[in-house]
Amino acid sequence: MTAITVTDLNKWYGTYHALRDVNLTVAEGERIVICGPSGSGKSTLIRCMNRLEEHQSGIISVGGVELNDDVKNLDAVRREVGMVFQSFNLFPHLTVLENCALPQILARKTPRAQAEEQARALLERVRIPEQAKKYPGQLSGGQQQRVAIARALCMKPRIMLFDEPTSALDPEMIGEVLDTMIHLAEEGMTMVVVTHEMGFARRVADRVIFMAEGQIVEEAPPETFFTAPANSRTQEFLRQIVH
Amino acid sequence: MDYIAARPAPAKSPAPILRILFGDAVAALITVGVIGLIVLMLPVLEWAVFDAVWHGDAAACRAGGACWAYIHDKARLILFGIYPPDQQWRPVIVIGLILAMVMASLSPRFWNARLALLWGGAILVMLVLMKGGVFGMADVPTAKWGGLPVTLLLAVLSLGMGFPLAVLLALGRQSKLPVVKAVSVCVIELVRGLPLIGLLFVAAILLPLLLPSDWTIDKLGRTVAALTVFAAAYLAEVLRGGLQGLGKGQAEAAQALGISYWKMIWHIVLPQAIQKVIPPLTNTAIVMVKNTSLVMIVGVFDMLGAGRAAAGDPAWPAPFTETYLFVAAVYFAICFGISIYARWLERGVKRKSHA
């Protein structure tokens, strides 16, 4: 079963050609790590997968549903796909518990009691149940990102997108977020992760994808990717980030 | 290695009072200036308190002190205008209702759709109470309404109806749809470009001439409409500031979670935008409360209008100063109340954002 199919995807920002003929298939249960220099289009690609960005040509289908102007399709896709952002994007005016419960109530019409129960269960799973009554501004970056993961998981997605989830974190907090993601991977979640955490890629990824200038330059299992990259751009990139 | 134990910071002794008052040239100058001002104000105090006439009739007031007896005598006229005296229990209940509703709405915890409905119901009850004609209450035409209930109703109605309109205008101004955006910008800029008095004249005098003659909209209604549109234009610009202060990430997170547009606006965007603009919102609310006094110009009897009418009674020695001071005190109480409330709200917001 394929979870996501991207076929001949092209995306422009004005005249800037951000994604160029991108083709990618993600199988159900597969973990994909996308890396590449800044401006290579990796965030744009992942943001196209739940239509936070609109593409101009090509086909993206998620769980068999094509992403296009049809709002019904969009709703169906966003139901299946959870997303975690670089800057957490928690709702600062709501408590941690409300952050996790309210989206279920608004988007799924879940009864409040049930939504809160689910929220508590997921906060337990990301190991911060004791912060439920606090506001996001009172938590550390690592804790906030774990709440964001819990919030996305509350919607029972089948696919999780991570857009540089650890890039905004202080170094000592990266580990706790990666641990949470590793747990999630071990439970069999389909994951597409944009990250530069090569340790995570090595440990979790089924495939690593390297992008440059809006194209997929290299695509390989982690052992091959890290030990014998084929493309010279990949080799150069790996040299730069692995000091 | 040995860790250094934490020590308390050295105590800072308070400066002696003399150094605060006369520590340097500027402080000394200010101190002397303030003392001078207080001395200058002494005659006012004499007029307002020591020589004042607190009880008695018009004759007792000829002496020259402040005539508070007159306020006592005319309080009902100032507070309720020419509303029939035997029916004045009705505006009293209306004021009580407004205060009760305001009290019930103070905590942001209660801000939801149910409260909005409750306000709608309460306003309806207030209007029926004022107007009468049903349940055995005598009919009182709006031309006879006056005083404090009119001031409060104008303020509450114009801000209450202006706010949802302002939300739509502010969102419209940010819309990607060109027509929606153009209409919003036009309305906001047009209304902000007109003086309120001009708008009131249009509503009170020009509008009835322009509309078909069988369309009779009450003058008070038209005045409320003008104030509402005026408040909406200013509130919309204040809200726009709050909307712009919100990161794109909030909307993206809501979208990614599958929350629909209007639910996102209501639950995610507006609460945050409002929190960001409490000080300028307060400012607009206070300005609008005071702006209601301009309706006097088109012949609506608000509290200031009723006060002026009361002071014109030839039986008393033209106590305009006392009247205006009394009316000013009521306005001050309302506006200062709003100000304190806003500060309390802001403290609540700060508590959430800091550990």
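Read-outs throughout are calculated quantities, based only on the coordinates presented, and are distinct from any laboratory measurement. No experiment lies behind these values; they were computed from the predicted model shown. So basically every Cβ, Gly included, is an ideal-geometry build from the backbone, and we count neighbours across all protein chains shown.
Summary of values
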{"item": "Listing of helices (runs of 4 or more DSSP H) fully contained in segment B:7-104 that carry 2 or more residues being closer than 26 Å to B:Arg308 by Cβ", "result": "B:25-45, B:68-80"}
{"item": "Tally, over segment B:77-92, of residues that are more than 15 Å from B:Val140 (Cα to Cα) and surrounded by fewer than 17 Cβ atoms within 10 Å (Cβ to Cβ)", "result": "0"}
{"item": "Helices (runs of 4 or more DSSP H) contained entirely in segment A:20-128, each with at least 2 residues that are farther than 30 Å from B:Ile274 by Cα", "result": "A:42-48, A:71-80, A:112-125"}
{"item": "Segment B:325-355 - residue that is hydroxyl-bearing (Ser, Thr, Tyr) and touching a helix residue (DSSP H, G or I) at 6+ places or on another chain (Cβ under 7 Å) and, of those, surrounded by the most Cβ atoms within 10 Å (Cβ to Cβ)", "result": "B:Tyr331"}
{"item": "Filter pass, B:Tyr3 being touching a Pro at 6+ places or on another chain (Cβ under 8 Å) and not in a helix (DSSP H, G or I)", "result": "no"}
{"item": "Tally, over segment B:117-153, of residues that are farther than 26 Å from B:Val330 by Cα and surrounded by 13 or more Cβ atoms within 10 Å (Cβ to Cβ)", "result": "3"}
{"item": "Segment A:68-85, subset closer than 13 Å to B:Ala256 by Cβ and more than 7 Å from chain B (Cβ to nearest Cβ), residue surrounded by the fewest Cβ atoms within 10 Å (Cβ to Cβ)", "result": "A:Leu74"}
{"item": "Qualifying residue in segment B:237-247 (condition: in contact (Cβ under 8 Å) with a residue 24 or more places away in the chain, over 30 Å from A:Asp163 (Cβ atoms) and either within 14 Å of chain A (Cβ to nearest Cβ) or not polar (S, T, N, Q) (or both))", "result": "yes"}
{"item": "Flag if B:Gly337 is free of Cβ contacts under 8 Å to residues at least 12 places away in the same chain and part of a helix (DSSP H, G or I)", "result": "yes"}
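Residue-by-condition table, conditions (1) within 21 Å of the chain's Cα centre (by Cα); (2) in contact (Cβ under 8 Å) with a residue 12 or more places away in the chain; (3) more than 9 Å from chain B (Cβ to nearest Cβ); (4) under 23 Å from A:Ala168 (Cα atoms):
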| position | (1), (2), (3), (4) |
| --- | --- |
| A:Phe88 | yes, yes, no, yes |
| A:Leu97 | no, yes, yes, yes |
| A:Lys109 | no, no, yes, no |
| A:Glu116 | no, yes, yes, no |
| A:Tyr135 | no, yes, no, yes |
| A:Ile149 | yes, yes, yes, yes |
